[in-house]
Amino acid sequence: MKINKLSLFATLIASVAFMTSCGLGGGSRNNDFDMSADTLSDAPLQLSENVVNDMIQNISSPVEMANQIKNSGAGFSQQMLNETDNIKNYNTSFKRALNLGVYSADLGYINTFNKNTVVVSFLVAVKDLADGLNVGQFLDFQTLKRLATNSTNLDSLKQLSVSSFNQMDKYLREQKRSNVSTAIVAGAWLEGIYITSQVIEQTGDKELINRLGEQKDIVNILLIILNNYSKTDKNFQDLVAKIDDIKKIYDGVRITTELGEPITKEVDGILTIDQNEITHVEISDDQVKEIIEKVKQARQFVVG
């Protein structure tokens, strides 16, 4: 099947917005941003903004992974998610950014299964971490909530979500904090693949195993981005080491792509032809087990 790549941040923000439809109220918590030695240090400009943005756009959305999990027939399991009580342990900007991504991915998983009864604490965690990073002001929760409660407003919701992230990302770059965006992406991706791997252990679902194997390309992309910051930041060095352990197992996974039948369709009165691609993944049972174990270790580093 052709791999669809979604805008990660747009999906995460939309997921958070949808969760606010459960009716959570309350104001923002004023946290002073930590400007001490553990503050993330921005990397030298080894990669252009366009290159980094293109890479991020090609990282699979954890919400997309959650949909695949639901389609596999697996039930909802809150035990797989990061406990919201852990938020008290995230007192550095690096940990806040990583786990903002983690909890956002958890929200996407919760949203996929429509589990509004457990969503409040996760939404509070996301708001807490976003405020702690001084980026919560870019998430217009009231407007997003209004749009999320009406299914006819999904296009407007997506547009506002993209706009919200663009403002956040622009602000972070202007403040020389583009590394924060990178850490959020890493946390969200890792949580998505962790949840997927846990379901694979329980069900052995072949389609999910294929999706796990497809992450080989994503690991390579993510490491390129992370290595840009590891040159100057020990936090990223430690994270790179964990992700690199995963990559070493993926080196033995083989992915091939062949051209499928072209798809002809009419768009706004114009005939278009899309070239379909079929992806084949060759991954052994032992490789699956080793990847799952390395993902567990990396995820523990992030949430612990």
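Things to note:
- Distance violations [Cα-Cα > 32 Å] among K127/K206; K70/K294; K88/K296; K176/K247; K127/K248: K127/K206; K127/K248
- Among E191, E290, E83, the sequence by solvent-accessible area, most first, with a 1.4 Å probe is E83, E290, E191.
The values are calculated or read from the model by the stated rules, or taken from the named source; none is laboratory data. Remember, predicted model here, so these are calculated numbers, not experimental data. Just the protein is used for accessible areas: all its heavy atoms, side chains included, with ligands, DNA and RNA removed. Shrake-Rupley method; radii C 1.70, N 1.55, O 1.52, S 1.80 Å.
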